[in-house]
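Reviewing the structure listed below.
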Amino acid sequence: MITTAGADRVLTLDLHATQIQGFFDIPTDNLFAVPVLSSDVKDNYDLENIVVVSPDVGGVVRARSLAKRLEAQLAIVDKRRERPGESEVMNVIGNVEGRDCLLIDDIIDSGGTLCNAAEALLKIGASSVTAYITHGVLSGGAVARIAASSLKELVITNSIQPTSAIETAHNIRVVSVAELVGEAINRTALEKSVSSLFD
């Protein structure tokens, strides 16, 4: 539908599955929010005491990318259901005791998994838990769930227009990806490398 509508190039941000790029027969660039998020972490956290945490095994590549930029340790929340209909059992791989944990993911919808991960991290001795997420869908009662959770802060980008509930929540903050997207568009127009934005 995008190509039929007349687009001759696609620019995306943190695709949930990078394989989606292969479904286009026009040039497609998938940008990453990690440079924006890492810059925000550097402005707001003591880098000596942080550990970057992937909320599941599938997000390890993204978490490792942020950890590398911050020269931080990496931990992983391993989730599994013992039986259908029963809540998830969470194990944490890595040392988070006494550390400020930064959960990173590409998308948050209901917020349930994220809140559960935060609880699991605090239970084993984490000092605080902050989540950095690219796409803040936050449907249904997600904003209220985040507000009532033990998350110190949820930081999302403006890839989706924040609702008034998001803007007034005491522990949700929005950072802009406008400069990143603008620079990618500029480089495309000038036929310069887009991928070098993420070196």
* Top positive-direction residue, dipole computed over the chain with Cβ charges, set 108, 2, 166 -> 108
* Dipole of the range 1-139, Cα-centred, from +1 at each Lys and Arg C-beta and -1 at each Asp and Glu C-beta, to the nearest 20 debye? -> 240 debye
* the chain - mean residue ellipticity at 222 nm from DSSP helices (-39,500 (n - 2.57) per run, n ≥ 4, rounded to 500) -> -8500 deg cm²/dmol
* Over the chain, with a single point scatterer placed on each C-alpha, what log10 of the ratio I(q)/I(0) does the Debye formula yield at q = 0.10, 0.12 1/Å? -> -0.45, -0.64
* Looking at the chain, send over the antiparallel percent of its DSSP beta bridges, to the nearest 5. => 20 percent
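Coordinate-derived values only; no laboratory data. All values derive from a computational prediction rather than experimental measurement. Counting neighbours? That spans all protein chains shown, and the Cβs are built from the backbone with ideal geometry, glycine included.
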